[in-house]
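The structure appears right after this line, and notes come after that.
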Amino acid sequence: MSDIHQRPDRSTPATSSGMETRPVADHEDALFDDLYSPDSRRGSGITRRGVLKTAIAFTLAGMTGGIALSVSRCSRQEVLQGFLVLRPGDASVLIAVSPAITGDDLPEVLSPSELMADPDKKDVLLWLQLLDQKLFQLGTDMTKEYLQLFDLLQWLPTRRVLTGQWSVWQDADKEQVSLFLDQWQASPVELLNKAHRAFTALIQSTWYSLDNVAISTGYPGPPLWALAAIAPVSDKENQ
Amino acid sequence: MAVVDPYRSDKSYHWDIRNAAEDDMPGVIECDVVISGTGAGGGICAEILSQAGLRVILLEEGGLQTSTDFRMKEGEAYDNLYQQGAARATKDGAITILQGRTVGGSTTVNWTSSFRTPEQTLKHWQDVFGVKHSAESLDSSFSWVEQRLNITRWDVAPNRNNQLLADGCQNAGWSWKSIPRNIKGCWNLGYCGMGCPSNAKQSMLVTTIPASLEAGATLITRARAEKLIIKADQVDYLAVQPIDRYGKPLEQSFLIKARRYILAAGAIGSPAILLRSSAPDPYNRVGKRTFLHPVCMSVAVMPDKVEGYYGAPQSVYSDHFLWRDGVEGELGYKLESTPLHPVFTSLFALGHGDTFKARMQQLPRMQSTIALMRDGFHEQSQGGQVLLNSDNTPVLDYPLNDYLWKGIRDSLLTMAELQFSAGAASVRPVHQLAKRGGSWPEVREVISNLPMERFKMPLGSAHVMGGCAMGENEKLSVVNSEGQHHQLENLSVIDGSVFPTSIGANPQESVYGLAAVMADSLCNHERLTLYMY
């Protein structure tokens with residue numbers, strides 16, 4: 001796994017898809033060098049120092065250039081059609097990480113737009129919609145925290161430090177994702193423990209809201225006799 | 001066995017029910033009493049006051065969902081019936097909070113456990129906070145509530161999840177009892193938390209609210225009590241904000257002009273209304289000392305099927321450790337179980353990937369035990385504080401400290417011992433770093449070494465209490481023992497927010513009993529003023 005933390009040649013573009021089109025404030029280069037702690041370069045995974053630097057850098061970014069960043073984020077990434085808060089990049093992250101979080105593989109999904117078009121993948125679409133509604137209902141401040149987490153996972157420098165993921169999320173593999181989740185879960189950095197809890201609880205609880213997934217546990221569903229007893233009387237019978 | 005939905009019955013045709021998100025609302029509505037909230041406090045008040053002949057308006061920020069809508073589907077229920085889609089949490093995200101947001105409030109979605117306020121709690125309130133109520137003075141009120149809501153001992157055999165709790169206590173030599181429940185003709189389904197589909201649960205939704213509507217009360221749903229408009233020592237108006245099904249504000253707000261304003265929006269909602277209104281608070285008490293009964297959990301896997309998804313979710317409890325070091329000593333805890341449906345279970349399976357999935361696969365053989373911490377009785381247990389978010393919605397900041405962590409670690413030990421006594425094949429304390437162990441000494445060792453830290457140790461709560469404490473000492477309280485606000489003459493707070501500490505038991509009956517006393521006294525007062533007009 002050590003290769004995931006290898007620093008690629010900065011002259012080659014690390015991005016190849018629309019994922020990385022989000023513009024970055026002028027100070028990105030300086031920020032990048034600062035974030036990029038030598039500890040993490042050795043491939044030992046996420047380091048406390050690296051994360052603390054990220055946190056500090058982001059606090060600073062919030063006070064200075066971060067405003068530009070968030071403004072540009074709004075203009076560049078619009079909410080997915082038919083959704084309330086999720087943007088294409090968020091959906092890509094969720095699709096990429098969910099098998100490592102739920103333990104269930106998803107059907108091959110390449111992009112959110114493909115998902116919308118393919119009825120075979122309707123469970124994945126339904127799951128994303130449930131998750132979207134859940135996020136929306138959390139309330140302004142909590143929704144914003146989640147979106148910030150999604151941003152950190154998409155913006156290249158923070159993504160590298162927080163997850164060790166160099167390539168775009170579509171290319172992530174399950175082992176890589178599991179590795180960073182393990183590190184988040186057991187990390188001495190509280191912020192990562194929080195991110196792990198928030199991320200896994202959101203994805204797991206909405207995943208198990210799907211009937212097919214719920215019954216995969218051995219839960220048979222509500223008793224049939226009770227469902228029959230409460231079945232609504234149709235209008236016809238009513239008259 | 002056909003289920004009669006009172007809101008679709010013939011008699012409901014003349015009930016005055018409006019949906020603020022969809023119906024045209026007049027700019028100002030006048031009434032005798034406006035009650036903000038339709039849960040345990042608001043429901044009881046509405047019945048008593050409307051049957052006394054007062055013109056009552058009931059406001060509810062959730063929607064009107066009734067037995068016809070309750071389909072025993074978890075995802076649907078959590079999204080539609082709970083605050084913030086059942087994902088409400090404390091400010092730092094460390095404690096998940098389950099609270100109802102629907103007509104009937106949390107009484108529509110609770111697990112029916114009904115206990116009178118423990119005598120120790122009432123005595124502590126008298127001694128420390130100067131509260132006038134006692135077990136004797138509340139006796140007739142509790143008796144009335146028990147009759148009204150059919151609160152009786154549950155004589156049906158507990159489901160296996162609860163039976164194992166009883167077995168574990170029995171074998172360990174600890175006391176346990178059956179839980180009284182507010183039910184009539186219960187089908188023993190196990191879906192109380194998703195709204196009772198058979199209307200057996202005697203929640204406010206099917207008891208006091210229909211009775212109030214029958215007596216001429218008006219129910220306005222999707223209506224958030226936003227702000228009291230205060231003039232001198234009186235509330236002049238209540239500004240009401242229509243909201244959509246996601247809780248987002250809609251454009252047109254309206255006013256209610258009443259002679260008496262009652263806040264019954266729960267221990268997060270009621271303090272929030274006072275904060276948004278900048279209500280007088282000379283001793284800085286509003287929203288302070290808010291308690292949660294923080295809950296931690298232990299999951300056992302049994303050698304055979306438990307099927308904790310079926311049957312009354314809570315029917316056995318143990319108070320063996322509740323007062324373990326006296327009322328004001330080490331943190332005591334009540335032991336109960338929970339229902340075990342897939343979504344709910346996914347929240348405490350923990351881990352990710354294959355670990356998580358393997359745990360979910362054990363669902364049919366799972367036994368869950370929870371410990372509810374009795375917070376608020378010790379100087380190291382000051383509870384949390386209700387604050388306002390940037391959009392003026394409330395959030396609870398609840399700091400965690402070593403006193404609490406010690407109680408939690410002790411309870412994890414108790415629960416593991418209990419589960420092995422009941423014959424568990426393995427036990428897993430619900431903690432991010434805990435793996436299951438196959439014997440009591442093994443798990444004891446695991447628990448002794450677990451770091452007690454936020455997020456690593458996930459906590460939950462379904463009981464929010466306090467924040468507008470009652471008492472006769474103005475320096476320590478927001479309202480007096482009758483729920484009357486100390487500074488504003490025509491304002492009362494009647495819900496779980498008036499508790500000066502946590503209860504030490506599931507709080508619904510405590511809210512009912514106190515609300516009945518407070519509403520009775522208000523009724524006499526209001527009728528008197530009405531006749532003087």
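How many residues are in a helix (DSSP H, G or I) and touching an Asp or Glu at 6+ places or on another chain (Cβ under 8 Å) if we restrict to the range B:130-140?
Residues meeting the conditions: 1.
Every residue in the range B:151-184 that is part of a loop (DSSP other than H, G, I, E, B) and either in the same structural domain as B:Met518 (by TED's automatic domain parsing) or at negative phi (or both), please.
Within the range B:151-184, B:Trp154, B:Asp155, B:Val156, B:Ala157, B:Pro158, B:Asn159, B:Trp174, B:Ser175, B:Trp176, B:Ile179, B:Lys184 qualify.
Among the residues in the range B:327-336, are any within 19 Å of the chain's Cα centre (by Cα), outside any loop (DSSP other than H, G, I, E, B), among the hydrophobic types (A, V, I, L, M, F, W, C) and crowded, with 24+ Cβ neighbours inside 10 Å? So that I can check it myself, show each step before the final result.
Initially, the range B:327-336 is screened for residues within 19 Å of the chain's Cα centre (by Cα), giving B:333-336.
Retained after the next criterion (residues that are outside any loop (DSSP other than H, G, I, E, B)): B:333-336.
Now narrow it down to the ones that are among the hydrophobic types (A, V, I, L, M, F, W, C): B:335.
With the extra rule that they be crowded, with 24+ Cβ neighbours inside 10 Å, the set shrinks to B:335.
Yes, the conditions are met somewhere in the range B:327-336.
I'd like to check something: does the range B:340-350 contain any residue that is on the phi > 0 side of the Ramachandran plot, crowded, with 23+ Cβ neighbours inside 10 Å, within 14 Å of another protein chain (Cβ to nearest Cβ) and assigned to a loop (DSSP other than H, G, I, E, B)?
Looking through the range B:340-350, at least one residue is on the phi > 0 side of the Ramachandran plot, crowded, with 23+ Cβ neighbours inside 10 Å, within 14 Å of another protein chain (Cβ to nearest Cβ) and assigned to a loop (DSSP other than H, G, I, E, B).
If only one of B:Gln120, B:Gln126, B:Gln84 is within 14 Å of chain A (Cβ to nearest Cβ), under 23 Å from B:Thr290 (Cβ atoms) and part of a helix (DSSP H, G or I), which one is it? Please lay out each step first, then the result.
Working: B:Gln120 fails: within 14 Å of chain A (Cβ to nearest Cβ); B:Gln126 fails: within 14 Å of chain A (Cβ to nearest Cβ).
So the residue among B:Gln120, B:Gln126, B:Gln84 that is within 14 Å of chain A (Cβ to nearest Cβ), under 23 Å from B:Thr290 (Cβ atoms) and part of a helix (DSSP H, G or I) is B:Gln84.
Please indicate, with yes or no, whether at least one residue in the range B:319-328 is out of contact with any Ser or Thr (no Cβ under 6 Å at 6 or more places or on another chain) and either modelled with pLDDT under 95 or under 22 Å from A:Ala201 (Cβ atoms) (or both).
No, that holds for no residue.
Among the candidates A:Leu131, A:Leu138, single out the residue that is crowded, with 17+ Cβ neighbours inside 10 Å, within 18 Å of A:Trp169 (Cβ to Cβ) and out of contact with any Cys (no Cβ under 9 Å at 6 or more places or on another chain).
One residue alone meets the criteria, A:Leu131.
Among residues belonging to the range A:185-215 that are in a helix (DSSP H, G or I) and more than 21 Å from A:Leu135 (Cα to Cα), point out the one that is farthest from the other protein chains (Cβ to nearest Cβ).
A:Asn212
Right, A:Lys122: closer than 21 Å to A:Tyr208 by Cα, within 13 Å of another protein chain (Cβ to nearest Cβ) and basic (Lys, Arg) or not? Write out each step before concluding.
Working: closer than 21 Å to A:Tyr208 by Cα: yes; within 13 Å of another protein chain (Cβ to nearest Cβ): no; basic (Lys, Arg): yes.
So A:Lys122 does not fit the description; no.
Just to be sure I understand, how many residues within the range B:190-210 are assigned to a helix (DSSP H, G or I) and buried (at least 24 other Cβ atoms within 10 Å of the Cβ)?
Number of matching residues: 5.
Looking at B:Glu251, B:Glu214, B:Glu226, which is the one that is under 22 Å from the mean Cα position of the chain (by Cα), of a type in the set (Asp, Glu) and not assigned by TED's automatic domain parsing to the domain that holds B:Leu164? Please lay out each step first, then the result.
Working: B:Glu251 fails: under 22 Å from the mean Cα position of the chain (by Cα); B:Glu214 fails: under 22 Å from the mean Cα position of the chain (by Cα).
Criteria check complete, one pass: B:Glu226.
Sort through B:Val427, B:Val446, B:Val464 and tell me the only one that's more than 14 Å from chain A (Cβ to nearest Cβ), without any contact (Cβ under 8 Å) to a residue 40 or more places away in the chain and not small (Gly, Ala, Ser).
Values: B:Val427 fails: without any contact (Cβ under 8 Å) to a residue 40 or more places away in the chain; B:Val464 fails: without any contact (Cβ under 8 Å) to a residue 40 or more places away in the chain.
Just a single option satisfies the conditions, and that option is B:Val446.
Identify the single condition in (1) without any contact (Cβ under 8 Å) to a residue 60 or more places away in the chain; (2) surrounded by 18 or more Cβ atoms within 10 Å (Cβ to Cβ); (3) within 30 Å of B:Asn159 (Cβ to Cβ) that B:Asp354 does not satisfy, given that it satisfies every other one.
B:Asp354 satisfies every listed condition except (2).
If A:Val85 meets every condition in (1) surrounded by fewer than 16 Cβ atoms within 10 Å (Cβ to Cβ); (2) within 14 Å of chain B (Cβ to nearest Cβ) apart from one, which number is that one?
Of (1) surrounded by fewer than 16 Cβ atoms within 10 Å (Cβ to Cβ); (2) within 14 Å of chain B (Cβ to nearest Cβ), only one is false for A:Val85: (1).
Which of the residues that make up the range A:212-230 are within 37 Å of the chain's Cα centre (by Cα) and surrounded by 15 or more Cβ atoms within 10 Å (Cβ to Cβ)?
Hits for the range A:212-230 are A:Val213, A:Ala214, A:Ser216, A:Thr217, A:Gly218, A:Tyr219, A:Pro222, A:Pro223.
Is it the case, given these coordinates, that B:Thr96 is buried (at least 24 other Cβ atoms within 10 Å of the Cβ) and not basic (Lys, Arg)?
The answer is no for B:Thr96.
With B:Gly63, B:Gly53, B:Gly41 as the choices, which residue is more than 26 Å from A:Thr206 (Cβ to Cβ) and surrounded by fewer than 24 Cβ atoms within 10 Å (Cβ to Cβ)?
B:Gly53
Looking only at the range B:390-435, count how many residues are over 29 Å from the mean Cα position of the chain (by Cα) and either assigned to a helix (DSSP H, G or I) or surrounded by fewer than 19 Cβ atoms within 10 Å (Cβ to Cβ) (or both).
6
Applying the selection to the range B:257-313, what residues are among the aliphatic types (A, V, I, L, M) and assigned to a strand (DSSP E or B)?
Matches in the range B:257-313: B:Ala258, B:Ile262, B:Leu263, B:Val295, B:Met297, B:Val299, B:Ala300, B:Val301.
Would the range B:282-294 turn up any residue that is under 28 Å from A:Trp207 (Cβ atoms) and modelled with pLDDT of 95 or more?
Filtering the range B:282-294 down to residues under 28 Å from A:Trp207 (Cβ atoms) leaves B:292, B:294.
With the extra rule that they be modelled with pLDDT of 95 or more, the set shrinks to B:292, B:294.
Checked the range B:282-294: at least one residue is under 28 Å from A:Trp207 (Cβ atoms) and modelled with pLDDT of 95 or more.
Scan the range B:211-256 residue by residue and report those that are among the small types (Gly, Ala, Ser) and part of a strand (DSSP E or B). I'd like the intermediate steps shown before the answer.
As a first pass, look at the range B:211-256 and keep what is among the small types (Gly, Ala, Ser): B:211-212, B:215-217, B:223, B:225, B:232, B:239, B:247, B:253.
Selection gives B:Ala223, B:Ala225, B:Ala239.
Looking at B:Glu61, B:Glu22, which is the one that is within 14 Å of chain A (Cβ to nearest Cβ) and of a type in the set (Asp, Glu)?
Values: B:Glu22 fails: within 14 Å of chain A (Cβ to nearest Cβ).
The conditions single out B:Glu61.
Of the conditions (1) surrounded by 20 or more Cβ atoms within 10 Å (Cβ to Cβ); (2) in contact (Cβ under 8 Å) with a residue 40 or more places away in the chain; (3) over 23 Å from the mean Cα position of the chain (by Cα), B:Gly471 fails just one. Which one is it?
For B:Gly471, the exception is condition (3).
Quick one: how many residues across the range A:163-179 are over 13 Å from the mean Cα position of the chain (by Cα) and either within 13 Å of chain B (Cβ to nearest Cβ) or surrounded by 20 or more Cβ atoms within 10 Å (Cβ to Cβ) (or both)? Lay out the reasoning, then the answer.
Let us first name the residues in the range A:163-179 that are over 13 Å from the mean Cα position of the chain (by Cα), namely A:164, A:166-167, A:171, A:173-176, A:178-179.
The next check asks that each one be either within 13 Å of chain B (Cβ to nearest Cβ) or surrounded by 20 or more Cβ atoms within 10 Å (Cβ to Cβ) (or both); those that pass are A:164, A:173-176, A:178-179.
Qualifying residue count, the range A:163-179: 7.
Here are some conditions: (1) farther than 22 Å from B:Ser346 by Cα; (2) surrounded by fewer than 22 Cβ atoms within 10 Å (Cβ to Cβ). A:Asp123 meets all but one. Which one does it not meet?
The failed condition is (1).
Output the number of the condition that B:Ile408 fails; it satisfies all remaining conditions of (1) more than 8 Å from chain A (Cβ to nearest Cβ); (2) over 30 Å from A:Leu179 (Cα atoms); (3) in contact (Cβ under 8 Å) with a residue 24 or more places away in the chain.
(2)
The values are calculated or read from the model by the stated rules, or taken from the named source; none is laboratory data. Only a predicted model underlies this, so the values are computations on that prediction, with no experimental measurement involved. Ideal geometry is used to build each Cβ from the backbone, glycine not excepted, and the neighbour counts take in all protein chains shown.
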